[in-house]
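Asker: Got a structure for you, written out below as structure tokens; questions coming shortly.
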Amino acid sequence: MRPIGTAAELERRRRHAVTLLQRGESPTVVARILGVSRPTLYRWKHQAETRAGLASKPHPGPTPRLSDDQLRQLDGLLRHGAKAHGWHNQLWTAARVAQLIRRHFGVSLHPDHVRRLLRVRLGWTSQKPQRKARERDEDEIARWLRDKFPRIVEDACKRAAHLVFLDESGFLLTPSVRRTLAPRGDTPVLDAWDRRDRLSAISCITVSPQRRRLNLYFELLPTNTNVHGEDVVAFLRRLRQSLPGPITLLWDRNQIHSRSKAVHAYLAERSEVVVEDFPGYAPELNPDEHVWGHTKYGRRANLAADDAQELWDYVVGELIDLKFRPDLLESFIRKSGLPLAA
């Protein structure tokens with residue numbers, strides 16, 4: 001039976017025993033102190049005097065069920081996506097990967113072992129999929145980014161206009177639940193109201209024409225109020241008080257934007273305001289969309305507010321902090337993928 005201890009600790013014990021013997025200590029005494037037999041001491045002494053030596057020999061562990069070559073094959077199979085192997089979507093689960101391994105290599109592995117194998121030997125991580133609308137036109141989005149957006153920026157520069165990225169969102173009293181840490185088997189409980197109280201909000205990230213300075217403007221509507229075209233007009237009027245010069249306004253194709261009668265009438269009287277639409281079903285292109293993602297699913301995750309007023313206070317506090325974090329606002333522009341040097 002292998003003695004208790006790490007390989008390094010056992011090596012130190014062997015070397016210590018040989019040192020004591022070389023000093024003239026009695027083999028019987030040394031064997032009793034170290035808890036080994038005299039033949040073992042003599043074997044160690046002999047090994048120290050030969051090429052075998054006393055160096056530790058860590059146990060190599062069990063032989064991997066999949067060889068390195070099989071792992072490379074597995075990585076290639078996985079990168080084809082789950083659909084290529086008969087599943088209804090492209091997502092991989094440990095159970096699916098275990099079935100794939102059994103099918104191609106004849107090796108049965110538990111899903112928990114598969115997770116460790118993917119993490120340790122292939123460098124895979126557990127990730128939450130991003131949703132993408134099937135209605136997206138990827139070619140249109142690519143053309144917009146390559147051709148149209150640079151022309152929008154060039155026109156704004158000629159007019160010395162602020163770029164304004166505007167979007168709306170909402171905050172529910174029920175919390176956005178995200179993973180947290182807890183002892184195994186002791187799932188945390190988040191006490192929250194089961195009410196549908198909500199706050200609607202409008203915000204925009206602005207980029208100044210000369211120095212490319214970033215700013216954030218926002219407004220929260222009364223509790224349980226939806227955003228309408230009139231609210232967008234009121235927000236734009238207040239924004240114009242802070243940005244009295246020309247602006248180029250970019251937003252999505254929501255009904256409350258250019259298609260709203262109130263918004264259309266307001267823009268018809270404001271020639272200094274140029275409006276551009278983002279491509280359809282591409283919310284990630286709007287940097288202001290990432291303001292809501294950061295606030296709702298990052299900073300506000302697992303917030304179980306007592307009432308709508310506490311929720312209002314928290315959201316306003318987060319947005320005020322964000323207003324004075326140009327580094328974060330710049331990161332939202334980078335994350336959007338817009339070719340814009342802020």
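Asker: What's the magnitude of the charge dipole for segment 223-342 around its Cα centre, counting Lys and Arg as +1 and Asp and Glu as -1 at the beta-carbon? Answer in Debye, nearest 20. Let's see the in-between values first.
Answerer: Values: 14 positive and 18 negative charges, 58 e Å.
Roughly 280 debye for segment 223-342.
Asker: Test of understanding: extend the Cα→C-beta vector of Ser331 to 7 Å, then name every residue of segment 170-208 with backbone N under 20 Å from that spot.
Answerer: Only 178-180, 204-207 pass the distance filter.
Asker: Restrict the search to segment 149-214; then list the chymotrypsin sites (Phe, Trp or Tyr not before Pro) that DSSP places in a loop and that have at most 15 other Cβ atoms within 10 Å of their Cβ. Could you put the intermediate results ahead of the total?
Answerer: Working: sites: Phe165, Phe171, Trp193; in loops: Trp193.
Loop-located and lightly packed - Trp193.
Asker: Can you find, among Phe105, Thr93, Val120, the residue farthest towards the positive end of the dipole of segment 68-121? Put +1 on the C-beta of Lys and Arg, -1 on that of Asp and Glu.
Answerer: Value: Thr93.
Asker: Give the lysines reachable from Lys45 as a straight Cα distance under 25 Å; neighbours fewer than 8 places away on the same chain don't count.
Answerer: Qualifying lysines at Cα under 25 Å: Lys57.
Asker: For the chain, what does the helix formula give at 222 nm: sum of -39500 (n - 2.57) over DSSP H segments with n ≥ 4, over the residue count, nearest 500 deg cm²/dmol?
Answerer: Values: 13 runs with 141 residues, N = 342.
When only DSSP H runs of four or more count, the value is -12500 deg cm²/dmol.
Asker: Of the residues Leu34, Leu216, Leu91, which exhibits the maximal mean-square fluctuation in a Gaussian network model of the chain defined by a 10 Å Cα contact cut-off?
Answerer: Maximum fluctuation in the GNM of the chain, among the listed residues, is at Leu34.
Asker: Between Arg195 and Glu9, what is 0.36 nm times their sequence separation minus the Cα-Cα distance? Round to one decimal in nm.
Answerer: Working: separation 186, 0.36 × 186 = 66.96 nm, distance 6.08 nm.
Separation in residues times 0.36 nm, less the Cα-Cα distance, equals 60.9 nm.
Asker: Separate question: Looking at Ala84, Pro62, Pro183, which one has the Cα that reaches farthest to the positive end of the dipole of the chain (charges on Cβ: Lys, Arg +1; Asp, Glu -1)?
Answerer: It is Pro62.
Asker: Find the Rg to Rh ratio for segment 68-121, where Rh is the Kirkwood radius over alpha-carbon pairs and Rg uses the same atoms.
Answerer: Details: Rg = 10.3 Å, Rh = 11.2 Å.
Checking Rg against Rh, the ratio lands at 0.92.
Asker: Once fully extended, how much extra length lies between Asn254 and His80, figured as 0.36 nm per residue of separation less the alpha-carbon to alpha-carbon distance? Don't skip to the end; give the middle numbers.
Answerer: Working: separation 174, 0.36 × 174 = 62.64 nm, distance 3.60 nm.
Once the chain is fully extended between Asn254 and His80, it gains 59.0 nm.
Asker: Starting from the 7 Å offset along Cα-to-Cβ, what nm value, one decimal, do you get for the label separation of Arg240 and Arg299?
Answerer: So the label points at Arg240 and Arg299 sit 2.9 nm apart.
Asker: Still on this model: For Leu181 and Gln70 in the same chain, what is the full-extension length gain: residue separation times 0.36 nm, less their Cα-Cα distance, in nm?
Answerer: Details: separation 111, 0.36 × 111 = 39.96 nm, distance 3.49 nm.
Extra length from Leu181 to Gln70 when fully extended: 36.5 nm.
Asker: Over the alpha-carbon set of the chain, work out the extent along each principal axis and list the three values in angstrom, largest first.
Answerer: Projected onto its principal axes, the Cα set of the chain covers 105, 46, 45 Å.
Asker: Loop-only GluC sites (Glu not before Pro) in segment 64-161, please: DSSP not H, G, I, E or B, and at most 11 other Cβ atoms within 10 Å. Before the final figure, lay out each step's value.
Answerer: Working: sites: Glu135, Glu138, Glu140, Glu154; in loops: Glu135.
Sites meeting the loop and neighbour criteria: Glu135.
Asker: Would you list Glu49, Glu310 from fewest to most Cβ contacts within 10 Å? Provide the component values of the computation, followed by the final result.
Answerer: Values: Glu49 10, Glu310 13.
So the residues, fewest neighbours to most, are Glu49, Glu310.
Asker: Moving to a separate point now. What residue among Leu163, Leu71, Leu220 has the largest mean-square fluctuation in a Gaussian network model of the chain, using Cα springs under 10 Å?
Answerer: Leu71
Asker: Same structure, new question: With the Cα gyration tensor of segment 259-342 in hand, give its eigenvalues times 5 under a square root as the equivalent ellipsoid semi-axes, listed largest first in whole angstrom.
Answerer: On the way: eigenvalues 155, 77, 34 Å².
Value: 28, 20, 13 Å, ordered largest first.
Asker: Just how large is the dipole of the chain about the Cα centre, in debye to the nearest 20, putting +1 at every Lys and Arg Cβ and -1 at every Asp and Glu Cβ? Can you show the working numbers first?
Answerer: Details: 57 positive and 41 negative charges, 537 e Å.
Computed charge dipole of the chain: roughly 2580 debye.
Asker: Okay, moving on. How far apart, in nm, are two points set 7 Å out from the Cα along the Cα-to-Cβ line at Ala95 and at Ile33?
Answerer: 6.0
No value in this document is a laboratory result; all are computed from the given coordinates. On a predicted model such as this, the values are computed, not experimentally measured, just so you know. Positions of Cβ are backbone-derived with ideal geometry, glycine not excepted, and every protein chain shown enters the neighbour counts.
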